[in-house]
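The structure appears right after this line, and notes come after that.
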Amino acid sequence: MPASEGDAAAAKATLRRRLTAARAALPEAERAAAGRLIRDHVLEMPEVSGAGTIAAYYSAGPEPDTHQLVFALWKRGSYVVLPVLLPDGDLDWASYEGPDSLAPGPRGILQPVEPVRGTGTVARADVVLVPALAVDTAGRRLGRGGGSYDRALARVGPMVPTIGLIYDGEFLDRLPAEPHDRPVRAVARPSHGITWMQ
């Protein structure tokens with residue numbers, strides 16, 4: 001890999017460790033409050049209110065909580081699909097049918113037990129909610145490093161809202177990037193609501 005790409009990968013790994021540690025240090029009450037605020041911001045978006053199919057994810061560990069958001073979207077009548085991690089790191093998708101429709105999957109992450117719909121399912125979503133450790137002002141996203149969401153986002157059309165859910169301090173001026181990285185088009189933050197990229 002060219003030196004600049006190697007530099008970007010190393011910078012991302014360092015930043016990933018720092019952001020993960022900062023998240024782990026957040027008090028549980030603060031994480032829960034952030035999840036509620038993000039839920040409310042997302043539910044108020046016209047793009048979300050009018051969406052038939054929403055690709056979401058079920059948060060794990062210190063991520064901003066999405067459990068209430070996923071449940072609210074489902075109760076409101078949206079067709080919600082959640083990722084199912086494949087052995088090669090790609091994401092398949094299956095429908096969320098309430099909390100009882102989930103079971104532990106790889107890496108302990110809860111995922112649907114419903115039949116999978118195919119990796120291309122995300123391309124048919126009207127809105128895609130995306131996990132991120134950080135997002136910058138150009139929409140570049142720092143994930144966990146597995147590349148699963150970069151592959152999924154490559155299938156999403158240019159007009160579909162892709163929204164990274166992050167804590168307030170995780171919207172940065174500039175992130176290191178590699179050629180395979182796929183940006184998001186907006187972020188949702190607890191204290192700032194929705195920010196669209198230019």
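The values are calculated or read from the model by the stated rules, or taken from the named source; none is laboratory data. Bear in mind the structure is a predicted one, so any value in this text is a computation, not a measurement. Here Cβ is always computed from backbone atoms with ideal geometry, including for glycine, and neighbour counts include all displayed protein chains. With ligands, DNA and RNA removed, areas are computed over all heavy atoms of the protein, side chains included. Shrake-Rupley method; radii C 1.70, N 1.55, O 1.52, S 1.80 Å.
In the chain, what percentage of the DSSP-assigned beta bridges are antiparallel, given to the nearest 5? Before the final figure, lay out the partial values.
Details: 15 of 29 bridges.
Of those bridges, close to 50 percent are antiparallel.
Counting only DSSP beta bridges whose two residues both lie in region 12-121, roughly 75 percent are antiparallel.
Given a 1.4 angstrom probe, what's the average accessible area per residue across region 91-181, in square angstrom?
Values: 3910 Å² over 91 residues.
Value for region 91-181: 43 Å² per residue.
For percent of Cα pairs over 24 Å apart, the listed values are (i) 43; (ii) 47; (iii) 36; which was obtained by calculation from the structure presented? Of the listed options (i) 43; (ii) 47; (iii) 36, (iii) comes from this structure. Taking amide H atoms as placed 1.01 Å from N in the peptide plane, the amide H of Asp65 lies under 5 Å from those of Gly35, each 5 or more residues away in sequence or on another chain. Dipole size of region 98-198 about its Cα centre, with +1 on Lys/Arg Cβ and -1 on Asp/Glu Cβ: approximately 240 debye, rounded to the nearest 20. Using the rule -39500 (n - 2.57) for each DSSP H run of four or more residues, divided by the residues of the chain, the 222 nm mean residue ellipticity is -9000 deg cm²/dmol. Ordered by solvent-accessible area of protein heavy atoms (1.4 Å probe), largest first, the residues Thr119, Thr162, Thr20 come out as Thr20, Thr119, Thr162. Rounded to the nearest 20, the Cβ-based charge dipole of region 1-91 about its Cα centre (Lys and Arg +1, Asp and Glu -1) stands at 240 debye. Here the Karplus relation 6.51 cos²θ - 1.76 cosθ + 1.60, evaluated at θ = phi - 60°, turns the backbone of region 120-129 into coupling constants of x, 4, 4, 5, 9, 6, 8, 9, 10, 9 Hz, with x for every Gly and Pro. The residues neighbouring Ile194, those whose beta-carbon lies less than 14 Å from its own, together hold a net charge of -1 under the Lys/Arg +1, Asp/Glu -1 convention.
Pairs of alpha-carbon atoms within less than 8 angstrom and 6+ residues apart define the contacts here; what relative contact order does the chain have, in percent? Let's see the in-between values first.
Details: 383 pairs, mean separation 44.3, N = 198.
That works out to 22 percent.
Relative protection proxy for 172-181, 39-48, 56-65, from highest mean packing down: 56-65, 39-48, 172-181 (other beta-carbon atoms within 10 angstrom). Taking every alpha-carbon pair under 8 Å whose residues sit at least 6 apart, region 1-81 reaches a relative contact order of 29 percent. Under a 5 Å amide H cut-off, with hydrogens placed 1.01 Å from N, Val81 pairs with Ile54, Ala55, Ala56, Tyr96 among residues at least 5 apart or on other chains.
Roughly how big is the chain's charge dipole about its Cα centre, with Cβ charges of +1 (Lys, Arg) and -1 (Asp, Glu), in debye to the nearest 20?
Working: 22 positive and 23 negative charges, 25 e Å.
So the magnitude is around 120 debye.
Given a 1.4 Å probe and every protein chain left where it sits, what share in percent of the accessible area of region 92-198 is carbon and sulfur? Carbon plus sulfur share of accessible area: 50 percent. Stokes-Einstein, applied to the Kirkwood radius of region 135-186 over Cα pairs at a viscosity of 1.567 mPa s and 4 °C, places its translational diffusion at 114 µm² s⁻¹.
Give me the percent of DSSP beta bridges within region 107-198 that run antiparallel, rounded to the nearest 5.
Working: 6 of 15 bridges.
The antiparallel fraction comes to roughly 40 percent.
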